[in-house]
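A quick write-up on the structure given underneath.
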Amino acid sequence: MSAKEVAGFEETIEVVLIIIKSVHVSISSRYVDKVISSIFIDIWALLKYFFEKFFSHEKIIESLCQLMKHFVRGMNVNFIPYIDQYFSIIINGYRSIPISSYLYSFEIIITSFMNETSITSKIIDTLEILCNQTLTYLPDLSKNNLLYVKYRFI
């Protein structure tokens, strides 16, 4: 993929991000989650396609993860039905290439939904998968460190 094509995708993502940010400014706060949810539902298939197609393009993934941050925070609990799909995107992307934006996306989910007990086990399971994958990128660490990380921060 050429640099021009990558720039085009980044611009497209940036336009959507501008739209999402403008919703917070131009719409009554009690409707923000509904409007952002509606936009998200309309483009979710496209976003999944972008994540799958460009999983190794760090700049595009970074832009997509930034956009997803605004969707997650803007939709609030309306995002929960998409958690499984988004965790799969994060896990599969991070397994393929260690782009830190995938971890950042997971951190956004944790901070946004840490009090949602209905997804606690999914968060813990995904954390374990991401920790184990990280340990394969850092082979000098022992498996015992995973247990420390898992139980120290949960």
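Side notes on the structure shown:
- Subset of region 96-135 [closer than 26 Å to K59 by Cα, small (G, A, S) and either in contact with a Pro (Cβ under 7 Å, 6 or more places away or on another chain) or surrounded by fewer than 16 Cβ atoms within 10 Å (Cβ to Cβ) (or both)]: S96, S100
- Cβ-Cβ distances below 9 Å connect the following pairs, each with a first residue in region 118-133 that is hydrophobic (A, V, I, L, M, F, W, C), a second residue that is not in a helix (DSSP H, G or I), and a separation of six or more residues or different chains: I123/M114; I123/E116; I123/I154; I124/I154; L127/I154.
- Odd one out for W44, checked against (1) more than 15 Å from E10 (Cβ to Cβ); (2) hydrophobic (A, V, I, L, M, F, W, C); (3) under 12 Å from the mean Cα position of the chain (by Cα): (3)
- Residue in region 23-42 that is modelled with the lowest pLDDT, counting only those that are in contact with a helix residue (DSSP H, G or I) (Cβ under 7 Å, 6 or more places away or on another chain) and not aliphatic (A, V, I, L, M): H24
Table: residues versus (1) loosely packed, with under 14 Cβ neighbours inside 10 Å; (2) over 30 Å from C131 (Cα atoms); (3) modelled with pLDDT of 90 or more.
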{"position": "T12", "(1), (2), (3)": "no, yes, no"}
{"position": "W44", "(1), (2), (3)": "no, no, yes"}
{"position": "S56", "(1), (2), (3)": "yes, no, no"}
{"position": "N76", "(1), (2), (3)": "no, no, yes"}
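- Picking from residues in region 23-37 that are hydroxyl-bearing (S, T, Y) and in a helix (DSSP H, G or I), the one that is surrounded by the fewest Cβ atoms within 10 Å (Cβ to Cβ) is S26.
- Residue list for region 58-73, restricted to those being surrounded by fewer than 19 Cβ atoms within 10 Å (Cβ to Cβ) and closer than 14 Å to I19 by Cα: Q66
- Sole exception among (1) modelled with pLDDT under 90; (2) at positive phi; (3) not acidic (D, E) for K4, by number: (2)
- If you check F87, F40, F71 for being under 21 Å from Q133 (Cβ atoms), aromatic (F, W, Y) and assigned to a helix (DSSP H, G or I), only one passes: F87.
The values are calculated or read from the model by the stated rules, or taken from the named source; none is laboratory data. Quick caveat: nothing in here was measured; it's all calculated off a predicted structure. For neighbour counting, all protein chains shown are included, and Cβ atoms are generated from backbone atoms with ideal geometry for every residue, glycine included.
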